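Everything below concerns the one structure shown next.
The values are calculated or read from the model by the stated rules, or taken from the named source; none is laboratory data. Keep in mind that this is a model prediction, so the values were computed, not measured. Neighbour counts run over all protein chains shown; Cβ positions are idealised from the backbone, glycine included.
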């Protein structure tokens, strides 16, 4: 599936960040298979052998399976000697020569979607700094997966029935709310490629009807999207990480460009111009 492929790319990028942030020589990980309580290791960084590749880890088994079952980070000082975990996977771990290992789950909407591992080839404690860096890498994956899922849902919803029936109107309201939420999220995405992908997906909802006669700045459009979803200036400011006075300024500027005298007129004009769904 495309979503799984995208998730694997995010896992691989997170492993690089994990190694850079922790100094750990080895990192690996993978996604939980859809509909199964099993995680398959698909991405490796810094390994010397292929022993861990494609290893299927069942929920509750080994260190990663424990992280999946508990939905929280787990670590061991010496994998093969640890009494905190079961030992179904000792052979591939020993083949890679790993001793101290940490496992951090990737949790999206309260469901474990994957696991990131970091490891040493010596038995020594993995400190709080290493754990914090690993958790930060996992959060990056979580955020990326949430955004991709939101984009997928947004685009799936953007196909209402052509007849002006109540069901179609309800769908469009959901689309508009999702559009506003995603535009508010986009500036907080640190990855510029993912941020651009998100904004491009938002643009797909309006591109067909856009006239090109109105050019709004990104922040003006962000504010209008929040207003169109029913947000007050204070709520829009909170969502966008701006001050209320700044939101008012962007709104006034957008209204001027749209030739509108009220917030409602601005939203209607923006929809007619095709810059809002």
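Within the range 86-95, can you find the residues that are surrounded by fewer than 17 Cβ atoms within 10 Å (Cβ to Cβ) and touching a helix residue (DSSP H, G or I) at 6+ places or on another chain (Cβ under 8 Å)? 86, 87, 88, 90, 94 - these are the residues of the range 86-95 that are surrounded by fewer than 17 Cβ atoms within 10 Å (Cβ to Cβ) and touching a helix residue (DSSP H, G or I) at 6+ places or on another chain (Cβ under 8 Å). The lone criterion from (1) modelled with pLDDT under 95; (2) over 25 Å from the mean Cα position of the chain (by Cα) left unmet by residue 89 is number (1).
Within the range 254-277, being under 13 Å from residue 221 (Cβ atoms) and under 32 Å from the mean Cα position of the chain (by Cα) holds for 254, 266, 267, 270, 271, 273, 274, 275, 276, 277. Only one of the numbered conditions (1) surrounded by 14 or more Cβ atoms within 10 Å (Cβ to Cβ); (2) closer than 18 Å to residue 18 by Cβ is violated by residue 48, and that is (1).
Would you point out which residue out of 254, 231 is closer than 22 Å to residue 202 by Cα, in a helix (DSSP H, G or I) and either modelled with pLDDT of 90 or more or touching a helix residue (DSSP H, G or I) at 6+ places or on another chain (Cβ under 7 Å) (or both)?
Details: 231 fails: in a helix (DSSP H, G or I).
Only one candidate qualifies: 254.
Could you tell me whether any residue of the range 116-128 is closer than 18 Å to residue 39 by Cα and within 16 Å of the chain's Cα centre (by Cα)? Yes: one or more hits. Against the conditions (1) surrounded by fewer than 15 Cβ atoms within 10 Å (Cβ to Cβ); (2) closer than 21 Å to residue 139 by Cβ, where does residue 103 fall short? Just the number, please. It is condition (1) that residue 103 fails. Among the residues of the range 32-52, are any touching a residue at least 40 places away in the same chain (Cβ under 8 Å) and on the phi > 0 side of the Ramachandran plot? Checked the range 32-52: no residue is touching a residue at least 40 places away in the same chain (Cβ under 8 Å) and on the phi > 0 side of the Ramachandran plot.
So that you can scan it fast, the table gives a plain yes or no per residue for (1) assigned to a strand (DSSP E or B); (2) loosely packed, with under 15 Cβ neighbours inside 10 Å; (3) outside the structural domain of residue 117 (by TED's automatic domain parsing):
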| site | (1), (2), (3) |
| --- | --- |
| 43 | yes, no, no |
| 57 | yes, no, no |
| 65 | no, no, no |
| 68 | no, no, no |
| 72 | no, yes, no |
| 75 | yes, no, no |
| 84 | no, yes, no |
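Test residue 239 against the criterion of being in the same structural domain as residue 177 (by TED's automatic domain parsing), surrounded by 14 or more Cβ atoms within 10 Å (Cβ to Cβ) and part of a helix (DSSP H, G or I), and give yes or no. Criteria met by residue 239. Scanning the range 34-84 for residues being within 21 Å of residue 124 (Cβ to Cβ) and in contact with a strand residue (DSSP E or B) (Cβ under 8 Å, 6 or more places away or on another chain) gives a total of 15.
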